[in-house]
1. Among the strands (runs of 3 or more DSSP E) lying completely within the stretch 1-61, list those that include at least 1 residues that are of a type in the set (S, T, N, Q).
2. Looking at the stretch 47-77, which of its residues are under 17 Å from residue 21 (Cα atoms) and β-branched (Val, Ile, Thr)?
3. Show the residue pairs meeting these rules: Cβ distance below 6 Å; 6+ apart or different chains; first residue within the stretch 11-30 and of a type in the set (Lys, Arg); second residue assigned to a strand (DSSP E or B).
4. Among the residues of the stretch 50-77, what is the count of those that are among the β-branched types (Val, Ile, Thr) and open to solvent by less than 20 Å² (accessible area, probe 1.4 Å)?
5. Suppose we filter the stretch 25-77 for residues that are aliphatic (A, V, I, L, M) and out of contact with any Ser or Thr (no Cβ under 7 Å at 6 or more places or on another chain); how many remain?
6. Which members of the stretch 31-49 meet the condition of being in contact with a strand residue (DSSP E or B) (Cβ under 8 Å, 6 or more places away or on another chain), open to solvent by 50 Å² or more (accessible area, probe 1.4 Å) and either of a type in the set (D, E, K, R) or in contact (Cβ under 8 Å) with a residue 24 or more places away in the chain (or both)?
7. Looking at 2, 66, can you tell me which residue is at pLDDT below 95 and of a type in the set (Gly, Ala, Ser)?
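The values are calculated or read from the model by the stated rules, or taken from the named source; none is laboratory data. Just so it is clear, the structure is predicted and the values come from calculations on it, not from any experiment. Every residue, glycine among them, receives a Cβ derived from its backbone with ideal geometry; neighbour counts consider all protein chains shown. Surface accessibility is based on the protein's heavy atoms, side chains included, excluding ligands, DNA and RNA. Shrake-Rupley method; radii C 1.70, N 1.55, O 1.52, S 1.80 Å.
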Amino acid sequence: MACSGYTKVWEMKPGELIGLDGARGTTLRVTRGSLWITLERDTRDVVLAVGDVFTIDRGGLTLIEAQEGSTVCVIVY
């Protein structure tokens, strides 16, 4: 899957962790692997697999961890 139209492409190693602060509106699409996402002051744990898309819907800190080698297409607003 290509990342046409996306701002960035992340190649993440298994267990790699990315923290985003104030990223409300940022959209993530997984094209390889899987991600675990948790958001500050939110009880949800979001798990994304290949083909899944998630838009960060709140401010604060968002943690994204690759559960395996992953490719993530990112649109930053």
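1. The strands (runs of 3 or more DSSP E) meeting that bar are 27-32, 35-39, 53-55.
2. 55, 56, 62, 64, 74, 75, 76
3. Close Cβ pairs (under 6 Å, with a partner that is assigned to a strand (DSSP E or B)) amount to 29/53; 29/73.
4. 6
5. 6
6. Listed by number, the residues that qualify are 32, 36, 40, 44, 45.
7. 2
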